[in-house]
């Protein structure tokens, strides 16, 4: 059976992302995706092996979309400005693509080259944003882990209604980034 004309991988992944973003990743099944695409479920098996394969492809797609978003945000920026732009782009991505972000969260399996490389591109981009701080490679990776932890924690709390006080989450985010950058500068001055 040949693939349906007009049904491309990108169309399938965009529709899968829409379901995940709107209804949550657990709502994404072969059937719900087929309904969204207005096709019969068996037609999807020309493009994906099974639900696990679909979710893996969606995780790669999510990491690619995150990379493009972050890359665009820091274009032409360095140092503090690049870190802040990257951080805001990250949190905005989670706000607008919660399901896609959720599926792309886990550390990629080094045995799965496609997923691993997609994740590595995001890490490399964060390392490039931090280049002006002149950290040694291993230290820079720790700093990226710290930034990712801060951003993921903030975005996850916000996404799950964890900020119940009537205060601007954007202002909280700004203060958090300022404190993080102050810590980086303080560490630089003591090396």
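Which three semi-axes in whole Å describe the equivalent ellipsoid of the stretch 1-124, each the square root of 5 times a Cα gyration tensor eigenvalue, listed largest first?
29, 15, 12
Report, in deg cm²/dmol and to the nearest 500, the calculated mean residue ellipticity at 222 nm for the chain, where each DSSP H run with n ≥ 4 adds -39500 (n - 2.57) and the sum is divided by the residue count.
After summing the helix terms and dividing by residue count, I get -23500 deg cm²/dmol.
How many nm separate the modelled label positions at residue 174 and residue 40, each set 7 Å beyond the Cα in the direction of the Cβ?
According to this spin-label approximation, the distance is 5.7 nm.
Binning at 5 angstrom from zero up to the longest distance, how are the C-alpha pair distances of the stretch 57-189 distributed in percent?
2, 10, 20, 23, 21, 14, 7, 2, 0, 0
Distance in nm between label sites at residue 117 and residue 189, each 7 Å beyond Cα in the beta-carbon direction?
4.4
Just order 155-166, 41-52, 24-35 by mean Cβ neighbour count inside 10 Å, highest at the front, would you?
Ranked by mean Cβ neighbours within 10 Å, highest first: 24-35, 41-52, 155-166.
Within the stretch 149-191, what residues put their amide N at less than 17 Å from the label point 7 Å along the Cα-to-Cβ vector of residue 136?
Under cut-off, by backbone N: 187-191.
At a 10 Å Cβ-Cβ cut-off, how would you order 39, 19, fewest neighbours first?
39, 19
Which part of the stretch 176-191 falls in the paramagnetic zone of residue 145, meaning amide N under 16 Å from the point 7 Å along Cα-to-beta-carbon?
Output list for this probe position: empty.
We did not get these values from a lab; they are worked out from the coordinates using the rules stated. Values in this document were obtained by computation on a predicted structure and should not be read as measured data. All Cβ positions, glycine included, derive from the backbone under ideal geometry; neighbour counts span all protein chains shown.
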